[in-house]
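The values are calculated or read from the model by the stated rules, or taken from the named source; none is laboratory data. Since this is a predicted model, take the numbers as computed values, not measurements. Cβ atoms come from the backbone with ideal geometry, glycine included; neighbour counts cover every protein chain shown. Just so you know, the surface numbers come from the protein's heavy atoms only, side chains and all, with ligands and any DNA or RNA stripped out. Shrake-Rupley method; radii C 1.70, N 1.55, O 1.52, S 1.80 Å.
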Amino acid sequence: MLRTRMGQLLLDAGCITPAQLDEALARHRETAQPLGHVLFSQGAISEETLLKFLGQQYGLATVHPLPSVIDPQLATLVPHAWATQHRVVPVSTVGQRLTVAVADPANVHVLDDLRFRTGLRTVPVIALESEVQQRIQALYQHQDQTPAGVAPPPSGKGMESSKADALRSPMTHERRPDDLSVDSALASDEMTALLERASSSLRYGQSDGSDEGTAQDESPVAQLVKTILHRAAGMGVSDVHVEPYESAVRVRFRLDGVLHTMMTYSLSLRNAVISRLKILSQLDIAERRLPQDGRLTLSRGSTTLDVRLSVLPSLHGEKAVLRLLNRAGQTFDLRALGFDHADVDTFLAALERPHGMILVTGPTGSGKTTTLYSALQVLNTPDVNIVTVEDPVEYHFTGITQVQVKEDVGLGFARVLRAFLRQDPDIVMVGEIRDLETAQISIRAALTGHRVLSTLHTHDAARAVTRLLDMGVEPFMVASSVSVIVAQRLVRRVCADCQRPDPLPREHLLDLGFTEEEVATVTPVRGCGCASCHGTGYKGRIGLFEVFPVSEAFRSRILERAMADRLKQQALAERLKTIRRSGLDKIKQGLTTVEEVVSVSTED
């Protein structure tokens, strides 16, 4: 049952104890109240925790906090008594879609009733019950008292007329559920006006942004694209997704590794916006059937950002993803990345060796390339020749020869590596070992007097070895060449401006991996959400690291072709500091939350 799944989710996350769950289940069976609300009423969880796990349970987005100001015209769509009875408050209308915040997502009949009452497509989002009640009270007082600056609806107009007015208004930005707390950067009168001008320019036959020329840089569509990109850069966003769907185009920002919906706009602007992005990236605006990749430069004050554009044809039009690369704002200092002092010493010792291979492992998006770049910053001195082969080259470094892989013309990792060895290199960086040929050339380079740095996609340090063996590399080559293996993950930092204590029961802390001595002193923290962190409670990211120097005993296990579990046991016997242990240290230091650490690590 869904309700019991809520209890299991909370239990797995360490938010409640088995005893609390059993007590709540008993009361749930007696009263038929939702399990989450029972746990909240018993004080086992906070209302914010309940909101988060309701979103996971029902697969719906969550909103915290709700918008402080809701258009008074929405009160005409949903009767006051009905909204109060069912704990539902309308949030916004976009075209024929009505977004409503609900406190009880299990009541699907309420949503069906609302669709029938309004004739609109209802989009439910989950919110705190206390906030829903507050917004209901604030919204419906406008039926009797219109605030200054808001014109009352003309007399004689009922719900249907008001609904028609809403449908006639241009599609502006839709505040999506889990994103209402962070979309203040785009939710502004300026952006609304800009969208209206862009839509009008197309409606009345003006430029769609597909014509080049200086004059077009000032067109409404060009200004819209520029504003979205500049606000993304201002928020420190890493990626911008422009995604067409059946009825609208959605814009999402990836902030600290998490995607947030920032706005939607009309399908009438779909092709114009993509064409403008293609022009900026010097792509073919007439080609809409095939994927395209390009680059553009974004200037923001004294800062210049490199932006990679990928355009992909989809069912409802072309989707664009932009990767924002700000070298000036990127940290390439090992300690700032999250390495502790002992890990830094181990890593630097491996870098100082005249030959050998350093492997950095982890899933996509875990910061492996940033770690390698940080190592290159240490090694980049005038007396060495450093060459890199990457796909793609993300940051440009003075004093380093960087080569971009171009598979379409036959310039792959292996071919570039063979050429490198004729270029008198001291240090070679391979963006990723993907196949046996690349692995063999890299390892031979490490065995013949070169320092080689590369990445692999594996779960932990021990499995990096088994991955090479599975590729077909001989055990003696792996054992002789690899000097240190680094496994890593990224977690979000708690916002320093709004963090507060978030104590957990002793049993939960022990289950996480803290020792009895640590439990007596550690107090986890979490962010409440503020303007500085755009309401997310997090600001920036930090790495969790597993740094393992390959010892003679470990080399012996490699030569024996030991399985990954046995290699891991050997590493633990040599006092390997695991990713989970690194995460626990970050919790102790108040740098991240329990949820973040649990989401990226397993028990040792």
With every protein chain kept in place and a 1.4 Å probe, the range 37-116 has an accessible area per residue in Å² of 41
Over the range 209-317, what portion of Cα pair distances is larger than 25 Å, expressed as a whole percent? 15
Using 0.36 nm per residue, how much length does the chain from Thr448 to Leu436 gain when fully extended, once their Cα-Cα distance is taken away? 2.5 nm
The chain, dipole about Cα centre (Lys/Arg Cβ +1, Asp/Glu Cβ -1), debye to the nearest 20: 680
antiparallel share of DSSP beta bridges within the chain, to nearest 5, in %, is 65
Magnitude of the Cβ-charge dipole (Lys and Arg +1, Asp and Glu -1) of the range 318-410 about the Cα centre, nearest 20 debye, reported as 160
Roughly how many Å² of Thr192 are accessible to a 1.4 Å probe, to the nearest 10? 30
HN-Hα couplings for the range 285-298 via Karplus (6.51, -1.76, 1.60; θ = phi - 60°), in whole Hz with x for Gly/Pro, come out as 6, 7, 8, 10, 9, 10, x, 9, 10, x, 9, 8, 10, 10
Rounded to the nearest 0.05, what FRET efficiency do Arg335 and Leu421 give with R0 = 30 Å and r taken as the Cβ-Cβ distance? Could you check? 0.35
Could you tell me which of rounded, prolate or oblate describes the range 320-473, using a ≥ b ≥ c as the square roots of the eigenvalues of the alpha-carbon gyration tensor, with rounded for a/c under 1.5 and, failing that, prolate when a/b is larger than b/c and oblate otherwise? rounded
Proximal lysine pairs, the chain, alpha carbons under 24 Å, eight or more residues apart or interchain: 19
Full-extension gain between Lys588 and Glu574, please, as 0.36 nm times their residue separation minus the C-alpha to C-alpha distance. 2.7 nm
If you average the sequence gap of Cα pairs under 8 Å that are 6 or more apart and divide by the length of the chain, what percent do you get for the contact order? 9
In whole Å, what is the distance between the alpha-carbon centres of the range 217-280 and the range 1-62? 37
Taking protein heavy atoms only, a 1.4 Å probe, and rounding to whole percent, the accessible area of the chain owed to carbon and sulfur comes out at 49
Here FRET efficiency (C-beta to C-beta, Arg197 to Glu287, R₀ 22 Å, nearest 0.05) is 0.20
Work through the residues other than Val311 whose Cβ is under 13 Å from its Cβ and net out their charges, Lys, Arg +1 and Asp, Glu -1. +4
Roll a 1.4 Å probe over the protein chains and send me the accessible area per residue for the range 517-581 in Å². 48
Angle check, please: helix 368-379 long axis (alpha carbons) against the longest principal axis of the chain (alpha carbons), in degrees 0 to 90, nearest 10. 50
Nearest-20 debye value, the range 1-133 charge dipole, Cβ charges on Lys, Arg, Asp, Glu: 400
Just name one of Gly472, Pro90, Leu309: the one whose Cα is farthest towards the positive end of the charge dipole of the chain (beta-carbon charges, Lys/Arg +1, Asp/Glu -1). Leu309
Below 13 angstrom from the Cβ of Ile441, what's the summed charge of the other residues (Lys, Arg +1; Asp, Glu -1)? +3
FRET efficiency for Gln96 and His316 from the Cβ-Cβ distance with R0 = 25 Å, rounded to 0.05, comes out at 0.90
Looks like the chain, by Cα gyration tensor root eigenvalues a ≥ b ≥ c and the a/c under 1.5 rounded cutoff (else prolate when a/b is bigger than b/c, oblate otherwise), is oblate
With every protein chain kept in place and ligands, DNA and RNA left out, what is the accessible area per residue of the range 294-423? Probe 1.4 Å, answer in Å². 48
Full-extension gain between Thr297 and Glu507, please, as 0.36 nm times their residue separation minus the C-alpha to C-alpha distance. 70.4 nm
Size-normalised alpha-carbon gyration radius of the range 468-598, reference 2.2 N^0.38 Å: 1.34
So the angle from the long Cα axis of helix 18-31 to the longest Cα principal axis of the chain, reported in degrees to the nearest 10, equals 20
